[in-house]
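> The following block contains the structure, expressed as structure tokens.
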Amino acid sequence: MEYIHINKLITTSIYKQIASSITEAIVSGLLKYNDKLPTEKEICESFGISNTAVKMAYEILITDGMIKRIKGKGTYVTNREINHTDLHAFLTAYNAGENISDGYTKDIILFDRIRKDHGIYRDMKLDTGEKCYLIITLVKSYQNPVLLQKVYLPDKYFPKFNKKYDEFNKLYEFIENVCDYKIKHLHSTFRAINASSAEALLLNVKTSDALSFVRTQIVNESDDIIGYVCSYFPGDFTEFEVIADAI
Amino acid sequence: MQSNILDLITIDRRSALEYDTQLKKSIKSLILDKTLYYRTALPTPKDLAEFLIINEKLVKSAYNQLEKERYIHLSKDGQYSVSFFESSNHFFDRNTTIYEVIISLGLEPSIECIEKRIIFLNEETVKQMGFDSDKSNEYLYINRMYFGDNQPIMILENYLPLYIFPNIFEKFNGDDPLYQHLKEYYGVDNITSRRTIKSVNLNQRLADLLNEAKNAPSIQSTNHVYDRFNRLIDYSRSHTISSYYFQTLITREEMEKYLYTKN
């Protein structure tokens, strides 16, 4: 509750002070989507103020779309914007986190070297036992996760792969400029899946919530699948726009 | 459909791997190499256990793991079938009809009209949909199921303005391809389709219609269709079965357009 600041000595109404404190905490990222807010009673008791002031503050925040009440559960932060993206732009650029813009952050949460993964290895035409780098990143927009991405780069195509990748947050630039490959095309499949508990935890959604799942094969000019990307988007908060003309 | 799936599923009794793991691997590789196609019915755990002379619990364990990984699906009547869908289609990124997509999947298409009625939309809804709110607020609402080989693939709800399509309730029976009808009887072509695609959990009603479990993942597409005069002629929303997906190939040329001109 440390984000609520009340000064009883100033003329600004207490309910407005509560509402703006909470708004500030949400905008700054201190409070995130689905975070639970204190009950009205807790705020009243902590600050020695009337129930009406807290009620009014919460009403304002509900009207502003910052918070929501769930009957029998409590009050939660709900300000999570829907991320709109053009499907084709996504499948090319955004796909590999190329167009990370203002307000977005991208963190590598795992660097690993794996030797097997049945489905992925089949799609990459790799044999079990062959080494492959795995980089998992999480993209957030104002603290809300918008994309969980797993990048697979086989050892045989990236033998000198090292920490250089860490410095490059653009995958295609890394593949083309640092590793000297020319990408011929990207082959993507798009489907809806239920979030596993791990995916849900990272994307701040509930287990089994729908996710948009895109798998992309990165193919070079020799027709080798030199890279593979799995992207997971929270379904409720991601919309893809498509304009399709009649053939 | 395979004539005898039982013969295809094998286990190696000398292997150190647990039987359920072996079974899972065996079935998964049959699905991935397309020996077992989408919707192929699998033997019941009891039948497979008896055939392989192993404990039924091990077959159930393998099936459960495959279901968790979304390779197979357990229907309400207890039948396991392949849910992995390995077919290319371009419904979402190209302006083809659902009918054509189903044919391109190698399936026999059919349409069933679940509901067809004239409705009156309020001004706010009309505006939200993007129709002309100055015109009549009468619309034809049709809710239809698309099947491939008699299995549900997609459910589609359309809203068609009567100010563009007068008497459509009487003229269109609901079981035929829609755009063909609009072209034939009204001379209206589907030129551009603007779609918003997202992944959603199916509610109970849609899940029942698509023969899926409640909360199964589904691709939802909200579509605005325009004619040659850039006039909105149809607003629709579709939901597909959970194993439905689409593929797309982005060439170097397209990549360069986005990657190197964006900055």
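The values are calculated or read from the model by the stated rules, or taken from the named source; none is laboratory data. Note that the structure is a prediction, hence the values are computed from the model and not measured. Backbone-built Cβ (ideal geometry, glycine too); neighbour counts: all protein chains shown. These area figures cover heavy atoms from the full protein model, side chains too; ligands, DNA and RNA do not enter into them. Shrake-Rupley method; radii C 1.70, N 1.55, O 1.52, S 1.80 Å.
> Looking at region B:160-174, can you tell me whether even one residue there is small (Gly, Ala, Ser) and open to solvent by 40 Å² or more (accessible area, probe 1.4 Å)?
no
> Considering region A:222-236 alone, what residues qualify as being surrounded by fewer than 23 Cβ atoms within 10 Å (Cβ to Cβ) and at the interface with chain B (Cβ under 9 Å from one of its Cβ atoms)?
A:Asp236 - this is the single residue of region A:222-236 that is surrounded by fewer than 23 Cβ atoms within 10 Å (Cβ to Cβ) and at the interface with chain B (Cβ under 9 Å from one of its Cβ atoms).
> Here's a follow-up. Of the residues B:Leu42, B:Leu66, B:Leu36, only one is at pLDDT below 85 and within 28 Å of A:Arg191 (Cβ to Cβ); which?
Going through B:Leu42, B:Leu66, B:Leu36 in turn, the sole match is B:Leu36.
> Starting from region A:195-214, keep only residues that are free of Cβ contacts under 8 Å to residues at least 60 places away in the same chain and surrounded by fewer than 17 Cβ atoms within 10 Å (Cβ to Cβ), then list their pairs with residues that are among the charged types (D, E, K, R) and assigned to a helix (DSSP H, G or I) whose Cβ atoms are within a distance under 9 Å, requiring at least 6 positions of separation or different chains.
Going by the 9 Å Cβ cut-off, the qualifying pairs are A:Ser196/B:Lys68; A:Thr207/A:Glu199.
> Continuing with the same structure: Here are the criteria: (1) at negative phi; (2) surrounded by fewer than 20 Cβ atoms within 10 Å (Cβ to Cβ); (3) within 12 Å of chain B (Cβ to nearest Cβ); (4) free of Cβ contacts under 8 Å to residues at least 40 places away in the same chain. Tell me which single one A:Glu241 does not satisfy.
Result: A:Glu241 passes all but (4).
> OK, next. Where residues in region B:172-200 are among the acidic types (Asp, Glu) and more than 13 Å from chain A (Cβ to nearest Cβ), which of them is farthest from B:Arg237 (Cα to Cα)?
If we take residues in region B:172-200 being among the acidic types (Asp, Glu) and more than 13 Å from chain A (Cβ to nearest Cβ), then B:Glu184 is farthest from B:Arg237 (Cα to Cα).
> Here is a further query. Could you say which residue among A:Arg115, A:Arg122 is in contact with a Gly (Cβ under 6 Å, 6 or more places away or on another chain) and of a type in the set (D, E, K, R)?
None of the other options fit; the residue is A:Arg115.
> From the list A:Asp180, A:Asp155, which residue is open to solvent by less than 40 Å² (accessible area, probe 1.4 Å), free of Cβ contacts under 8 Å to residues at least 60 places away in the same chain, more than 11 Å from chain B (Cβ to nearest Cβ) and out of contact with any helix residue (DSSP H, G or I) (no Cβ under 9 Å at 6 or more places or on another chain)?
Only one candidate qualifies: A:Asp155.
> Out of B:Tyr146, B:Tyr139, B:Tyr159, B:Tyr163, which single residue is assigned to a loop (DSSP other than H, G, I, E, B) and away from every other protein chain (no Cβ under 14 Å)?
B:Tyr163
> Looking at B:Glu184, is it open to solvent by 20 Å² or more (accessible area, probe 1.4 Å), outside any loop (DSSP other than H, G, I, E, B) and modelled with pLDDT of 85 or more?
yes
> Another question, then. Out of A:Arg191, A:Arg215, report the one residue that is within 15 Å of A:Lys150 (Cβ to Cβ), within 11 Å of chain B (Cβ to nearest Cβ) and among the charged types (D, E, K, R).
On inspection, the qualifying residue turns out to be A:Arg215.
> B:Gln151 is checked against (1) more than 30 Å from B:His73 (Cβ to Cβ); (2) more than 14 Å from chain A (Cβ to nearest Cβ) and fails just one. What number does that condition carry?
Status for B:Gln151: all satisfied but (1).
> Starting from residues that are open to solvent by less than 40 Å² (accessible area, probe 1.4 Å) and at pLDDT 70 or above, keep the ones in region A:80-103 and report whichever is farthest from A:Phe213 (Cα to Cα).
Filtering region A:80-103 for residues that are open to solvent by less than 40 Å² (accessible area, probe 1.4 Å) and at pLDDT 70 or above, the one farthest from A:Phe213 (Cα to Cα) comes out as A:Arg80.
> While we're here: What is the number of the single condition among (1) over 30 Å from B:Val82 (Cβ atoms); (2) within 12 Å of chain A (Cβ to nearest Cβ); (3) of a type outside the set (Val, Ile, Thr) that B:Asn203 does not meet?
It fails just one condition, (1).
> B:Phe131 versus (1) in a loop (DSSP other than H, G, I, E, B); (2) at pLDDT 85 or above; (3) open to solvent by 60 Å² or more (accessible area, probe 1.4 Å): which is the lone unmet condition?
(3)
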